[in-house]
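The values are calculated or read from the model by the stated rules, or taken from the named source; none is laboratory data. Note that the coordinates shown come from a computational prediction; the quantities given were computed from them, not determined experimentally. As a convention, Cβ positions derive from the backbone with ideal geometry for all residues, glycine included, and neighbour counts pool all protein chains shown. Heavy atoms of the whole protein, side chains included, go into the accessibility calculation; ligands, DNA and RNA do not. Shrake-Rupley method; radii C 1.70, N 1.55, O 1.52, S 1.80 Å.
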Amino acid sequence: MGSGIGFGKTIVFGEHFVVYGLPAIASAITNTTRADVKRINAGNYRLIDNRPETPGYKEKKKEQQIDSIKRIFGFLGIDPREKPVEIVLSGELVAASGVGASAASCAAIARALNEEFSLGLSDEQINEAAFEGEKGYHGTPSGIDNTAAVYGGLIWFKKNLSGGENTIKRIKIEPIEIVLGNTGITSNTSDVVSDVKKKKEANEREFDKIFRDYERIAEEALNAFKENKVEAIGKLMNKNHALLQRIGVSCDELDELVKIARENGAIGAKLTGTGRGGLMIALTPGKELQERVARAIEETGKTVFRTKIG
Ligand code: MEV
């Protein structure tokens, strides 16, 4: 049997902007998805998906998941009709929008197949296979989610728009507590990314200005991380959220979670990932603050993840 894991992730700065070659900062979280692969006799592959989920997530992503797995097999040069396998997905990462669930599963499956078929792939090649799998979930992924899922830690990521190597730099920090608040809404990355593209095409000048403002935020955030200036990181997250609202990827439910987090002392809060549902990230250094913010959100009936970045 072959096994592998993929980390969940949270984007601290730069979702959507990263698609256009602007830098983003993402962190793996401690929660992971695990894949176990074993050979079976029946033709083709069988998938057993035991991941915990936001209700409806797996059903909504079913078609995309089939396409994704097909792409991973193709990339690795394995034909499951000739070498049938059973893939079992498990782990404590909740399958939800905004937490990198699809990328974590792609990384886990690629690692498990690599082990079962003794392919001897490097992390870089696993990342390429996971990137290929991510295309099944949305045609034009930036690559940030699979990179965080494969490597872990806090990373500075810049997509190379000419197709060459992406810039990936590790940022070393003392881990900081965060709260991820779940709207419970499953969003479709493909649709939201394509809506942003249309809006950008219709408002080139406004978007140019937003992109320049965002770029400054990302540079300042990198310095703030390096100098351990947590207050500054929080303020920059708030500014990043305001820009995400302007490009049209927030929603009432996310704005409400951001408001509750800030009112209860979060240093900064913003949507994370695709938006229009999915998750909100709040920066809550220290167990006490993390607990206060997490409880305030839970009191509204929403679920949260208490975890750390870095
Ligand atoms: C999704 O987690 C992040 C987006 O920026 C899309 C991508 O980077 O591929 C919205």
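Below are the figures for this structure:
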item: Which listed residue is away from the ligand (no atom under 13 Å from the Cβ), in the same structural domain as LYS61 (by TED's automatic domain parsing) and open to solvent by 70 Å² or more (accessible area, probe 1.4 Å), from SER122, SER162; result: SER162
item: Residue match in region 57-72 (condition: outside the structural domain of GLY181 (by TED's automatic domain parsing), within 26 Å of LEU180 (Cβ to Cβ) and among the aromatic types (Phe, Trp, Tyr)); result: yes
item: Residue count for region 78-101, restricted to those that are more than 16 Å from the ligand (Cβ to nearest atom), at negative phi and in a loop (DSSP other than H, G, I, E, B); result: 8
item: Qualifying positions in region 68-93 - in contact (Cβ under 8 Å) with a residue 24 or more places away in the chain and open to solvent by 40 Å² or more (accessible area, probe 1.4 Å); result: LYS70, ARG71, GLY74, PHE75, ARG81, LYS83, GLU92
item: Of all residues making up region 158-210, the number that are without any contact (Cβ under 8 Å) to a residue 12 or more places away in the chain and of a type in the set (A, V, I, L, M, F, W, C); result: 1
item: Positions within region 216-255 being under 17 Å from THR183 (Cα atoms) and free of Cβ contacts under 8 Å to residues at least 40 places away in the same chain, in sequence order; result: HIS241, GLN245, SER250, ASP252, ASP255
item: Residues (more than 16 Å from the ligand (Cβ to nearest atom) and of a type in the set (A, V, I, L, M, F, W, C)) located in region 261-292; result: ALA261, ALA266, ILE267, ALA269, ALA282, LEU283, LEU289
item: Enumeration of residues in region 82-107 that are over 14 Å from ALA28 (Cα atoms) and touching a Gly at 6+ places or on another chain (Cβ under 6 Å); result: PRO84, SER97, CYS106
item: Residue match in region 53-67 (condition: crowded, with 17+ Cβ neighbours inside 10 Å, touching a Pro at 6+ places or on another chain (Cβ under 9 Å) and outside any strand (DSSP E or B)); result: no
item: Checking SER142 against (1) part of a helix (DSSP H, G or I); (2) among the hydroxyl-bearing types (Ser, Thr, Tyr); (3) touching a helix residue (DSSP H, G or I) at 6+ places or on another chain (Cβ under 7 Å), the condition it does not meet; result: (1)
item: Those helices (runs of 4 or more DSSP H) lying entirely in region 224-310 with at least 3 residues open to solvent by less than 10 Å² (accessible area, probe 1.4 Å) and either in the same structural domain as LYS61 (by TED's automatic domain parsing) or more than 30 Å from ARG212 (Cβ to Cβ) (or both); result: 287-298
item: Failed criterion for GLY98 (all others in (1) free of Cβ contacts under 8 Å to residues at least 60 places away in the same chain; (2) in contact with a strand residue (DSSP E or B) (Cβ under 7 Å, 6 or more places away or on another chain) hold); result: (1)
item: Residue in region 151-160 that is part of a helix (DSSP H, G or I) and touching a helix residue (DSSP H, G or I) at 6+ places or on another chain (Cβ under 6 Å) present; result: no
item: Selected residue (criterion: farthest from HIS138 (Cα to Cα)) from residues of region 18-50 that are touching an Asp or Glu at 6+ places or on another chain (Cβ under 8 Å) and within 16 Å of the ligand (Cβ to nearest atom); result: ASN31
